[in-house]
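A quick write-up on the structure given underneath.
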Amino acid sequence: MPRKRILVKSIDTSISYQVIGIDLAKHLVSACLITGAGEIFGIDRLTYDDLLKSAERMSPTLFCMEPCPEVHYLAEKLQGYGHHTKVIDGAAVKEYIKTHFGGQKTDLNDAQAIAFLSLDTNLPEITPKNTSNSVLSSIQAVREIMSVPGIGPITATRLKATIGDIQRFEKPKSIVAYYGLVPKSKATGHNEKKGGITRRGDRVARSLLIEGAGVVLNLAAKGFLRSKPLNKWIEKKRKLKMPWGKLCCALAAKMLRIVRAILIQGTSFNAKIAGVARCSLPKESRNNVMGNNKLSEIPSPNGSVYIH
């Protein structure tokens with residue numbers, strides 16, 4: 001019979017734990033602690049400071065987490081205290097919640113799933129980055145974002161600082177909505193009206209993107225934009241007599257979709273294919289894209305990215 005989870009308010013550092021699974025949030029964490037005897041303790045809310053203070057006084061323990069922006073910093077701190085760390089893929093945690101908790105996703109259930117999954121030696125794990133590796137990855141990511149027209153070093157670093165884990169944006173529209181560049185929707189009955197952009201998310205990043213989009217529009221008007229597909233897209237929008245501000249927002253949203261594709265695929269901006277419509281792709285590629293529910297980008301044979 002499975003042991004019942006005992007709720008506590010803090011970590012008892014006098015106990016030797018087999019593994020501690022932690023579910024990370026913005027300001028607090030939830031933790032599931034499993035002792036060598038198999039007892040399960042759960043802490044619903046714990047601050048990062050309290051977690052690290054307890055970890056400093058504990059005997060060497062295995063700490064497990066899901067991938068997120070905070071995981072690399074936390075893993076390095078815990079390793080500095082003599083602990084071992086492991087990062088578990090979020091897909092495995094989701095499946096565990098579905099089979100063991102009936103799909104009831106809570107912070108404590110996530111923490112317990114992470115703790116028990118860490119004991120599976122056959123489950124692949126993700127290696128957390130140390131400070132040096134994170135700096136190198138950030139430099140590389142910033143360079144790739146800067147390959148997009150209208151995005152310079154200031155915009156690139158702001159995006160890198162605010163995007164976090166790019167994998168959390170499952171669809172291109174998700175990242176556009178995150179930065180508040182989608183229109184407001186007002187629906188009453190069967191009538192739906194679209195308003196201005198929502199202006200949610202980071203105001204500075206959104207402002208920089210719109211300014212960059214204005215620069216790209218000016219380059220296109222003067223014939224200096226080298227991407228033919230992107231030029232065609234802009235010309236198509238101009239023919240609709242779209243107001244300048246609305247056109248800038250639409251192009252800024254497209255730039256964000258391109259940034260997402262570049263970061264996910266790990267490639268640079270390709271001026272020759274950026275903006276190619278899905279209907280222009282080979283039939284096999286279109287079927288693959290539809291089957292994977294990724295309607296915005298797929299890798300081309302030469303490693304570039306098709307953007308729509």
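Considering region 1-40, and only residues there that are open to solvent by 80 Å² or more (accessible area, probe 1.4 Å) and not charged (D, E, K, R), the residue that is nearest to P60 (Cα to Cα) turns out to be Q18. The residues of region 175-200 that are open to solvent by less than 50 Å² (accessible area, probe 1.4 Å) and touching a helix residue (DSSP H, G or I) at 6+ places or on another chain (Cβ under 8 Å), listed by number, are I175, V176, Y179, G180, L181, V182, I197, T198. Within region 113-168, the residues that satisfy the criterion of being buried (at least 16 other Cβ atoms within 10 Å of the Cβ), modelled with pLDDT under 70 and of a type outside the set (D, E) are P128, K129, A141, V142. Contact annotation: residue pairs with Cβ atoms under 7 Å, 6 or more positions apart or on different chains, pairing a residue in region 188-212 that is closer than 24 Å to I145 by Cα with a partner that is assigned to a helix (DSSP H, G or I) and open to solvent by 50 Å² or more (accessible area, probe 1.4 Å), are G201/Y178; V204/R158; A205/R158; L208/I154; L208/R158.
If you check every pair at least six apart or on different chains, which have Cβ atoms under 6 Å apart with a residue in region 254-276 that is crowded, with 24+ Cβ neighbours inside 10 Å first and a residue that is hydrophobic (A, V, I, L, M, F, W, C) and modelled with pLDDT under 80 second? Final answer for the pair search is I258/I307; A261/V305; A261/I307; A274/I307. In this entry, L247 is excluded by the filter for residues that are assigned to a helix (DSSP H, G or I) and open to solvent by 10 Å² or more (accessible area, probe 1.4 Å). Among the residues making up region 66-87, those that are closer than 23 Å to I166 by Cα and either assigned to a helix (DSSP H, G or I) or touching a residue at least 60 places away in the same chain (Cβ under 8 Å) (or both) are P67, C68, P69, V71, H72, Y73, L74, A75, E76.
Is there a residue in region 114-123 that is free of Cβ contacts under 8 Å to residues at least 40 places away in the same chain, touching a Ser or Thr at 6+ places or on another chain (Cβ under 7 Å) and closer than 25 Å to L7 by Cα? Within region 114-123, not a single residue is free of Cβ contacts under 8 Å to residues at least 40 places away in the same chain, touching a Ser or Thr at 6+ places or on another chain (Cβ under 7 Å) and closer than 25 Å to L7 by Cα.
Against the test of being within 19 Å of K86 (Cβ to Cβ), out of contact with any helix residue (DSSP H, G or I) (no Cβ under 7 Å at 6 or more places or on another chain) and surrounded by 16 or more Cβ atoms within 10 Å (Cβ to Cβ), the options C64, C68 yield a single qualifying residue, C68. Pairs are defined by a Cβ separation below 7 Å, a sequence spacing of at least 6 or placement on different chains, a first member in region 159-170 that is within 16 Å of D202 (Cα to Cα), and a second member that is modelled with pLDDT of 85 or more and acidic (D, E); the pairs so defined are T162/D202. Residues in region 187-205 include none that are touching a Cys at 6+ places or on another chain (Cβ under 8 Å) and assigned to a helix (DSSP H, G or I).
Scanning region 89-113 for residues that are among the acidic types (D, E), in contact (Cβ under 8 Å) with a residue 24 or more places away in the chain and either at positive phi or part of a helix (DSSP H, G or I) (or both) yields a total of 2.
Each residue in region 158-197 was checked for being more than 18 Å from I264 (Cα to Cα) and out of contact with any Leu (no Cβ under 8 Å at 6 or more places or on another chain), and 16 of them qualify.
The values are calculated or read from the model by the stated rules, or taken from the named source; none is laboratory data. Please read all numbers here as calculations on a predicted model, not as lab measurements. Here the Cβ is made from the backbone with ideal geometry for all residues, glycine too, and neighbour counts use every protein chain on show. Note: accessible area is taken over every heavy atom of the protein model, side chains too, but ligands, DNA and RNA are not part of it. Shrake-Rupley method; radii C 1.70, N 1.55, O 1.52, S 1.80 Å.
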